[in-house]
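Asker: Quick one: this structure, given as structure tokens, is what I'll be asking you about.
The values are calculated or read from the model by the stated rules, or taken from the named source; none is laboratory data. Everything quoted here is computed from the prediction, not taken from an experiment. Virtual Cβ from ideal backbone geometry, glycine too; neighbours counted across all protein chains shown. Calculation scope for accessible area: heavy atoms of the full protein, side chains included, ligands and nucleic acids excluded. Shrake-Rupley method; radii C 1.70, N 1.55, O 1.52, S 1.80 Å.
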Amino acid sequence: MAALTREETEALIQEVLEVYPEQARKDRAKHLAVNDQSLEKSNKCITSNRKSQPGVMTIRGCAYAGSFGVVWSPVKDMIHISHGPVGCGQYARGGRRSYYIGITGVNAFVGMDFTSDFQEKDIVFGGDKKLAKIMNEIEELFPLNKGITVQSECPIGLIGDDIEAVAKKANKEIGKPVVPVRCEGFRGVSQSLGHHLANDSIRDWVLDPAENKHNDFVGTPYDVAILGDYNIGGDAWSSRILLEEMGLRVIAQWSGDGTLPEMELTPKVKLNLLHCYRSVNYITRHMEEKYGIPWIEYNFFGPTKIAESLRAIAALFDDKIKEGAERVIARYKAEYEAVIAKYRPRLEGKTVMLFVGGLRPRHTIGAYEDLGMKVIGTGYEFAHNDDYDRTIKEMGNATLLYDDVTGYEFEEFVKKLQPDLIGSGVKEKYIFQKMGFPFRQMHSWDYSGPYHGYDGFAIFARDMDMTLNNPCWKQIKAPWKTEESTNTEVAASA
Amino acid sequence: MPRVMLKKNPEGKLVFYIAKKDLEEVAESVEFDSSDKWGGEVLLSDGSKYYFEPMDEQPDFPVTLRAIRLDSGD
Ligand code: SF4
């Protein structure tokens with residue numbers, strides 16, 4: 001389908017907004033926009049990070065999901081207690097595909113679900129005693145853990161338990177970091193506040209107390225940390241090898257396949273590398289201010305952006321690293337050119353609509369473009385202004401931007417724009433597949449990945465082709481409803 | 001009185017960041033910006049204006065300081 005003009009896109013937004021009652025229409029209108037590359041600031045065209053309207057179907061999660069699910073749970077050598085009733089942790093368990101190395105249940109605990117399993121009596125009489133008991137049990141059963149975090153679910157804030165006091169006491173008793181996080185789900189408007197709270201808890205309960213630890217650490221001028229890569233399907237690994245090949249030393253991964261000692265060492269790096277800006281920018285800015293560590297955002301989706309990012313990172317180091325970056329780009333050239341030669345002809349000109357979390361709606365655009373595809377609509381679940389600032393330049397003019405899109409809006413936009421591929425989450429997946437649209441689950445890579453780095457790009461290209469050109473999409477319509485059969489029927493009845 | 005995180009960008013310009021508002025903006029001008037006096041009115045590129053209590057020396061950037069908002073720029 002041909003690209004819409006600015007007027008047509010605006011008309012489309014108005015048409016979709018029409019069904020809402022007046023108040024809701026006014027509010028939602030602020031979250032839908034036509035991209036204008038000439039704008040410097042997104043607040044001129046789109047509002048974000050606001051409470052969702054009651055009555056609409058939002059795709060967002062809660063603060064607990066942001067802190068536990070996103071930031072903390074991939075830290076593999078710590079035990080993360082979902083503090084409260086059992087459901088929040090159990091239903092969120094294992095869905096994220098944050099890969100790690102270790103023996104689960106012995107020295108790594110990512111795939112497991114620890115919860116205080118609140119019952120009525122814990123709500124009535126408080127759960128602090130239970131929490132203290134759990135920590136002792138954990139120490140006994142899993143002695144190789146390096147620390148514990150307490151991730152508060154909604155009831156903890158409501159009944160006013162003092163988890164900080166329990167944490168401090170347990171910290172003295174077991175001699176390991178115990179981190180209380182006040183990330184009750186009702187706080188804030190989305191998982192985004194959970195990221196912030198998790199960042200603050202790392203600052204107060206991990207980095208500050210660790211200042212005098214690890215004094216025997218021997219640094220090099222090339223020490224860096226990967227921040228905001230959750231190793232979905234192995235993403236952080238396929239990123240890390242590129243950085244190491246160019247001569248840098250990655251001493252910490254936050255938090256995919258990450259460990260507590262790595263986090264404690266991070267203030268000793270020379271440069272922080274940020275992949276997901278949204279979920280770690282707070283702690284990065286803190287480290288910049290307190291320890292004087294500069295930071296840079298990078299994007300490892302697709303060869304164009306990878307090369308740009310490698311060069312930008314190298315520019316902050318000496319000639320050895322700069323040469324290293326060129327060497328890496330040259331080394332993988334044949335590989336990624338072959339990927340493009342194979343898949344581009346099959347994907348050229350195809351259109352994509354995205355709706356993901358806080359980074360991929362803009363970061364994957366370059367990878368699609370490398371394959372000759374066009375992103376015609378994009379939006380975030382929980383982005384803020386500064387994310388949209390960074391999106392405007394990446395998206396084409398007059399394309400559609402939708403913040404915290406509602407189920408209804410997304411379906412209507414898709415019906416009108418008829419994209420060749422949709423990338424979003426699992427809640428959207430089956431709706432769109434049933435509507436006959438090829439769909440990729442872009443949170444956990446649809447059980448595939450990694451997508452970062454040159455190795456990841458090959459998998460990305462294969463997956464997009466496999467989904468988009470799958471013959472099943474031709475079979476979606478019932479045979480008697482296809483044009484051909486109607487024609488022959490008409491002919492037969494004549 | 002918002003808390004503002006200030007840093008210098010690679011071009012040496014002052015970058016303003018207010019976490020609560022996701023405001024990330026370059027400063028166009030700083031009223032006092034010499035080695036023995038820093039602060040006063042700061043004009044951002046989006047037209048808004050903030051005031052910092054002048055101090056006797058350049059702060060060590062990056063740093064977080066309190067500012068008074070004078071003009072939203074709208
Ligand atoms: S909103 Fe509350 S109850 Fe629901 S998942 Fe989040 S923490 Fe649990």
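Asker: Regarding the stretch A:104-112, can at least one residue be identified that is modelled with pLDDT of 95 or more, within 16 Å of the ligand (Cβ to nearest atom) and away from chain B (no Cβ under 14 Å)?
Answerer: Looking through the stretch A:104-112, none of the residues is modelled with pLDDT of 95 or more, within 16 Å of the ligand (Cβ to nearest atom) and away from chain B (no Cβ under 14 Å).
Asker: Let me ask another. Any residue in the stretch A:293-300 that is farther than 29 Å from A:VAL405 by Cα and assigned to a helix (DSSP H, G or I)?
Answerer: Looking for residues that are farther than 29 Å from A:VAL405 by Cα and assigned to a helix (DSSP H, G or I), one finds none in the stretch A:293-300, hence no.
Asker: Additional query: I need the full set of residues from the stretch A:265-279 which are more than 13 Å from every other protein chain (Cβ to nearest Cβ) and assigned to a helix (DSSP H, G or I), in order please.
Answerer: Of everything in the stretch A:265-279, those that are more than 13 Å from every other protein chain (Cβ to nearest Cβ) and assigned to a helix (DSSP H, G or I) turn out to be A:LEU265, A:THR266, A:PRO267, A:LYS268, A:SER279.
Asker: Just name the residue that is farthest from the other protein chains (Cβ to nearest Cβ) out of those in the stretch A:361-411 that are touching a Ser or Thr at 6+ places or on another chain (Cβ under 9 Å) and among the aromatic types (Phe, Trp, Tyr).
Answerer: The residue in question is A:PHE410.
Asker: On the basis of being crowded, with 21+ Cβ neighbours inside 10 Å and over 21 Å from the mean Cα position of the chain (by Cα), does A:ALA307 make the cut?
Answerer: no
Asker: Tell me which residues, restricted to the stretch B:56-74, are more than 14 Å from every other protein chain (Cβ to nearest Cβ), free of Cβ contacts under 8 Å to residues at least 40 places away in the same chain and open to solvent by 80 Å² or more (accessible area, probe 1.4 Å).
Answerer: If the condition is that a residue be more than 14 Å from every other protein chain (Cβ to nearest Cβ), free of Cβ contacts under 8 Å to residues at least 40 places away in the same chain and open to solvent by 80 Å² or more (accessible area, probe 1.4 Å), then B:ASP56, B:GLU57, B:LEU70 are the ones that fit.
Asker: If you take the residues in the stretch A:103-114 that are in contact (Cβ under 8 Å) with a residue 12 or more places away in the chain and part of a strand (DSSP E or B), which one is surrounded by the most Cβ atoms within 10 Å (Cβ to Cβ)?
Answerer: A:PHE114
Asker: Can you tell which of A:SER52, A:SER82 is of a type in the set (Gly, Ala, Ser), in a loop (DSSP other than H, G, I, E, B) and surrounded by 17 or more Cβ atoms within 10 Å (Cβ to Cβ)?
Answerer: Criteria check complete, one pass: A:SER52.
Asker: Same structure, new question: Check A:HIS443 against each of (1) in a loop (DSSP other than H, G, I, E, B); (2) open to solvent by less than 20 Å² (accessible area, probe 1.4 Å) and name the one condition it does not meet.
Answerer: Looking at each condition in turn, A:HIS443 falls short on (2).
Asker: So, one more: Determine if the stretch A:154-165 includes at least one residue that is touching a Pro at 6+ places or on another chain (Cβ under 6 Å) and without any contact (Cβ under 8 Å) to a residue 60 or more places away in the chain.
Answerer: Yes; the residues of the stretch A:154-165 include at least one that is touching a Pro at 6+ places or on another chain (Cβ under 6 Å) and without any contact (Cβ under 8 Å) to a residue 60 or more places away in the chain.
Asker: Looking only at the stretch B:19-55, filter to residues that are within 14 Å of chain A (Cβ to nearest Cβ) and either within 10 Å of the chain's Cα centre (by Cα) or small (Gly, Ala, Ser) (or both); which one of those is most open to solvent (accessible area, probe 1.4 Å)?
Answerer: Looking at residues that are within 14 Å of chain A (Cβ to nearest Cβ) and either within 10 Å of the chain's Cα centre (by Cα) or small (Gly, Ala, Ser) (or both), I get B:GLU28.
Asker: Quick check on the stretch A:58-79: of everything there that is part of a loop (DSSP other than H, G, I, E, B) and within 16 Å of the ligand (Cβ to nearest atom), which residue is farthest from the chain's Cα centre (by Cα)?
Answerer: A:THR58
Asker: Quick one: in the stretch A:85-102, which of the residues that are in a loop (DSSP other than H, G, I, E, B), out of contact with any strand residue (DSSP E or B) (no Cβ under 6 Å at 6 or more places or on another chain) and open to solvent by less than 60 Å² (accessible area, probe 1.4 Å) is farthest from the ligand (Cβ to nearest atom)?
Answerer: Restricting to residues being in a loop (DSSP other than H, G, I, E, B), out of contact with any strand residue (DSSP E or B) (no Cβ under 6 Å at 6 or more places or on another chain) and open to solvent by less than 60 Å² (accessible area, probe 1.4 Å), the top hit is A:GLY95.
Asker: If you take just the helices (runs of 4 or more DSSP H) that sit entirely in the stretch A:145-218, which of them hold at least 1 residues that are in the same structural domain as A:ASP77 (by TED's automatic domain parsing) and more than 16 Å from the ligand (Cβ to nearest atom)?
Answerer: In the stretch A:145-218, A:163-174, A:191-202 are the helices (runs of 4 or more DSSP H) which contain 1 or more residues that are in the same structural domain as A:ASP77 (by TED's automatic domain parsing) and more than 16 Å from the ligand (Cβ to nearest atom).
Asker: Taking the conditions exactly as written (part of a strand (DSSP E or B) and free of Cβ contacts under 8 Å to residues at least 60 places away in the same chain), does B:GLU24 satisfy them or not?
Answerer: When the stated conditions are applied, B:GLU24 passes them.
Asker: Moving to a separate point now. Give the residue that is nearest to A:SER201 (Cα to Cα), with candidates limited to residues of the stretch A:115-172 that are open to solvent by 60 Å² or more (accessible area, probe 1.4 Å) and touching a Leu at 6+ places or on another chain (Cβ under 9 Å).
Answerer: Only one residue tops the list, namely A:LYS146.
Asker: With A:ASN49, A:ASN35 as the choices, which residue is within 14 Å of chain B (Cβ to nearest Cβ) and more than 16 Å from the ligand (Cβ to nearest atom)?
Answerer: It is A:ASN49.
Asker: Please determine whether any residue of the stretch A:239-249 is among the hydroxyl-bearing types (Ser, Thr, Tyr), in the same structural domain as A:PHE301 (by TED's automatic domain parsing) and assigned to a strand (DSSP E or B).
Answerer: no
Yes or no, residue by residue, for (1) under 30 Å from A:ARG50 (Cα atoms); (2) modelled with pLDDT under 90:
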residue: B:ILE18; (1), (2): yes, yes
residue: B:VAL26; (1), (2): yes, yes
residue: B:ASP33; (1), (2): no, yes
residue: B:GLY40; (1), (2): no, no
residue: B:ASP46; (1), (2): yes, yes
residue: B:GLU53; (1), (2): no, no
residue: B:GLU57; (1), (2): no, yes
residue: B:PRO62; (1), (2): yes, yes
